Amino acid sequence: MAVSGLLMLGYLVAHVAGNLKVFFGPEEFNAYGHWLRVMGAPVLHHAWALWLVRIVLLAAVVAHAVCAYQLSRRDVRARPTAYVHRRRRASYATRTMRWGGIILALFIVWHILDLTTGTVHPGGFEEGKPYQNVVDTFSTWYGNVIYIVAMLAVGLHVRHGFWSAAQTLGVGNARRERLLRAAANTLALVLTAGFVSVPVAVMTGVVS
Amino acid sequence: MRLTLRVWRQRNADTPGAMSTYDVDGISADMSFLEMLDTLNEDLILRGEDPVAFDHDCREGICGACSLVINGDAHGPERTTTCQLHMRSFHDGDTIDVEPWRASAFPVVKDLVVDRSAFDRVIQAGGYITAPTGAAPEAHASPVPKADADSAFEHAECIGCGACVAACPNGSAMLFTSAKVNHLNVLPQGSPERETRVLDMVAQMDAEGFGGCTLTGECATACPKGIPLPSISAMNKEWLRARRKAARG
Ligand code: HEM
Ligand code: SF4
Ligand code: FES
């Protein structure tokens, strides 16, 4: 879970940085989208690097989901009888890891159908014109709702996930505790704020 | 004080249990939680009813025999063992829910008593050193850095009560196992079995049916001995190190 999670996290950091290019206008954002396809050229053939990233990510998503399923089954089996007196346990981010993960998995499917294949995209999806595609997506109320909810889920998931991965990999200790918590919170905040800024910018007309 | 208790009653492992409600009166704020249960039991015996079975031994917070999930908290609202929890933590007229530790690895024996021998088997898998010890050795014979000695002492405090498992939403025994592994792994006396200890104890912990750790931190919050959450990370580090070493041969 830790290794696949960190792989995806690395991707998200690159993704949010790329998304922020939307603020520099259509030429730059579309050129960036084009670069993703010629990345690695001329050593690699067109879109090979992109496909490599896609394959690694897909493997990470599948591994993450399979591990989460196995871990959850084991955890449910270990506590067959629930307590009669229930009380809230752990922080919100920690408690929502399972549901948050499911929401994110559904979001990723929607997101690829929306902005990569264009299958569920509102308006005329045009390959190679990601700027206009993004603006179209965030011109619908449901586009905004889906993305913003998912981005909040990303923040919560990363907040617990990053710190947790550090513990799993044996990097945590009492002295690093504050540092790791701060790093997890910063990552979560930067990712959520960065991603959410795009729909907000379209809604407010800053990006159009 | 006068209290209403809702207590888990279960005849034995094979019959289903349920919460039963009892009123207890004449409880003083200075009584321990177990003395309060003694009062209830004396009452029950006088009335010809079956007294509530619960585990206890030292009643001074050092043996790890007492348990009880009180109002959803392992060992109750204070950070101590149930035997050291006093009734001043409650108020006249309170309703208090008392349940056993809940984990498939800790089956209920009767009422509030659970079988914690899974912990014994985890210890048997590696919670020992093989060097002959004999009488206390000369203190300077094998120097131990202060930080390591402190860490060993901190982890040696674990009394094996199982509150960590009871509090964990996943019924995981990582905090207990990490306390036992780290206690011996930081010391020179424990180093000959450093790798086998962590691998075997973790394997036994898994075999007992404890849940997997998702780092919720509930264990360390409940632990009456303050075994810290980063101990789990320290054990993971030892485990990864041992696995890498085994892979290299
Ligand atoms: C407001 C937030 C987001 C926006 C505006 C956005 C935008 C985009 C766009 C425009 C693409 C297509 C790039 C191209 O084809 O040139 C894309 C791809 C992708 N996004 Fe996002 N994204 C957001 C958040 C996320 C999040 C949170 C995740 C992960 C949970 C994610 C996962 C992906 C993946 C996996 C792809 C790659 C699909 C592929 O090319 O195979 N995105 N995103
Ligand atoms: S780690 Fe703490 S809660 Fe767990 S068994 Fe040891 S003393 Fe009890
Ligand atoms: S009875 Fe010994 S610790 Fe509570």
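Every number in this text was worked out from the coordinates using simple rules, so none of it is lab data. Source: prediction; values computed, not measured. Here the Cβ is made from the backbone with ideal geometry for all residues, glycine too, and neighbour counts use every protein chain on show.
Sort B:L85, A:L179, A:L169 by Cβ crowding within 10 Å, fewest neighbours at the top. Walk me through the numbers before you get to the answer.
Working: B:L85 25, A:L179 11, A:L169 15.
Fewest to most other Cβ atoms nearby, the residues stand as A:L179, A:L169, B:L85.
Whole number please: convex hull volume per residue, Cα atoms of segment B:3-110, in Å³.
Details: hull volume 11.1 nm³, N = 108.
Value for segment B:3-110: 103 Å³ per residue.
Report relative contact order for chain A in percent, whole number only (criteria: Cα-Cα under 8 Å, sequence separation at least 6).
Numbers: 186 pairs, mean separation 58.5, N = 208.
Relative contact order of chain A: 28 percent.
Quick query: amide H of B:V114 versus all other amide H atoms, modeled in the peptide plane; which residues come in under 5 Å with a sequence gap of 5 or more or a different chain?
B:V109
Using only the Cα atoms of segment B:117-248, each taken as one equal point scatterer with no solvent, compute I(q) by the Debye sum, divide by I(0), and report log10 of the ratio at q = 0.10, 0.20 Å⁻¹.
Computed log10 I(q)/I(0) values: -0.31, -1.18.
In the neighborhood of B:M87, defined by Cβ-to-Cβ distances under 9 Å, what is the net charge if each Lys or Arg adds +1 and each Asp or Glu adds -1? Write out the running numbers ahead of the final one.
Values: positive: B:R88; negative: B:D30, B:E35.
Local net charge: -1.
Starting from 0.36 nm per residue, how many nanometres of slack lie between A:A174 and A:S139 once their C-alpha separation is accounted for?
7.9 nm is the gain from fully extending A:A174 to A:S139.
Tell me, how many Å apart are the Cα centres for segment B:25-73 and for segment B:144-195?
29 Å
Name the residue from A:A188, A:A82, A:L12 whose Cα lies farthest towards the positive end of the charge dipole of the protein assembly as shown, charges +1 on Cβ of Lys and Arg and -1 on Cβ of Asp and Glu.
A:L12
Quick one: go through segment A:1-37 and flag any residue whose amide nitrogen is under 17 Å from the point 7 Å out along the Cα-to-Cβ line of A:K129.
A:25-34
On alpha-carbon atoms, Rg over Rh for the protein assembly as shown using Kirkwood Rh? Each step should come with its number before you reach the end.
On the way: Rg = 27.4 Å, Rh = 25.4 Å.
That ratio equals 1.08.
Have a look at B:A13, B:N41, B:N71 and report the one farthest towards the positive end of the charge dipole of segment B:3-110, computed about the Cα centre with Cβ charges (Lys/Arg +1, Asp/Glu -1).
Going by the Cα projections, it comes out as B:A13.
Among the DSSP beta bridges whose two residues both lie in the protein assembly as shown, what percent are antiparallel, rounded to the nearest 5? Display every interim value, and only then the final one.
On the way: 15 of 20 bridges.
About 75 percent, rounded to the nearest 5.
Counting other beta carbons within 10 Å of each Cβ, put A:Y142, B:Y128, B:Y22 in order, fewest first.
On the way: A:Y142 9, B:Y128 13, B:Y22 16.
By the 10 Å Cβ count, ascending: A:Y142, B:Y128, B:Y22.
Round to a whole angstrom and tell me the spacing of the C-alpha centers of segment B:78-109 and segment A:95-147.
One Cα centre to the other: 49 Å.
Relative contact order (percent) for segment B:117-248, with alpha-carbon contacts under 8 angstrom and 6 or more residues of separation?
Numbers: 166 pairs, mean separation 44.8, N = 132.
Computed over segment B:117-248, the figure is 34 percent.
Could you quote the convex hull projected area for chain B, Cα atoms only and averaged over all directions, in nm²? Let's see the in-between values first.
Working: hull surface 62.8 nm².
Reported value for the Cα convex hull: 15.7 nm².
Run the quick spin-label model on B:I129 and B:T221: label points 7 Å from Cα toward the beta carbon, then report their separation in nm to one decimal.
Using points 7 Å along Cα→Cβ, the separation is 3.6 nm.
Counting Lys and Arg as +1 and Asp and Glu as -1, each charge on the Cβ, what is the dipole of chain B about the Cα centre in debye, to the nearest 20? Could the numbers behind the result be given before it?
Numbers: 23 positive and 34 negative charges, 280 e Å.
So the magnitude is around 1340 debye.
Give me the one-decimal nm value for the distance between modelled label points at B:S28 and A:M203, 7 Å along each residue's Cα-to-Cβ direction.
Result for the modelled spin labels: 6.3 nm.
Per DSSP H run of at least 4 residues, take -39500 (n - 2.57); add these up for the protein assembly as shown, divide by its residues and hand me the 222 nm value, nearest 500 deg cm²/dmol. Show your work: numbers first, answer last.
Numbers: 16 runs with 232 residues, N = 457.
-16500 deg cm²/dmol, from helical runs alone.
Along the Cα→Cβ direction, 7 angstrom out, place labels at A:R88 and B:E60. What is the inter-label distance in nm?
For the pair A:R88/B:E60, the computed spacing is 4.0 nm.
Nearest 20 debye, what's the magnitude of the dipole of segment A:66-176 about its Cα centre given +1 on Lys and Arg Cβ and -1 on Asp and Glu Cβ? Let's see the in-between values first.
Details: 14 positive and 5 negative charges, 262 e Å.
The calculated dipole for segment A:66-176 is roughly 1260 debye.
Quick check on segment A:1-56: take the gyration tensor over C-alpha atoms, sort the square-rooted eigenvalues as a ≥ b ≥ c, and tell me if it's rounded (a/c under 1.5), prolate or oblate. Intermediate results must be reported in sequence, preceding the final value.
Details: a/c = 3.69, a/b = 1.21, b/c = 3.06.
Since a/c reaches 1.5 but b/c is at least a/b, the shape of segment A:1-56 is classed as oblate.
So in chain B, what percent of DSSP beta bridges are antiparallel if you round to the nearest 5?
75 percent
Roughly how crowded by other chains is peptide A:164-174, in terms of the mean Cβ count from those chains within 10 Å of each of its Cβ atoms?
Details: counts 6, 1, 3, 12, 7, 4, 10, 3, 9, 6, 8.
Across the residues of A:164-174, the mean count of other-chain Cβ atoms within 10 Å is 6.
Arrange A:V66, A:V38 by Cβ neighbour counts within 10 Å, fewest through most, would you?
Numbers: A:V66 12, A:V38 15.
Listed from fewest to most nearby Cβ atoms, that is A:V66, A:V38.
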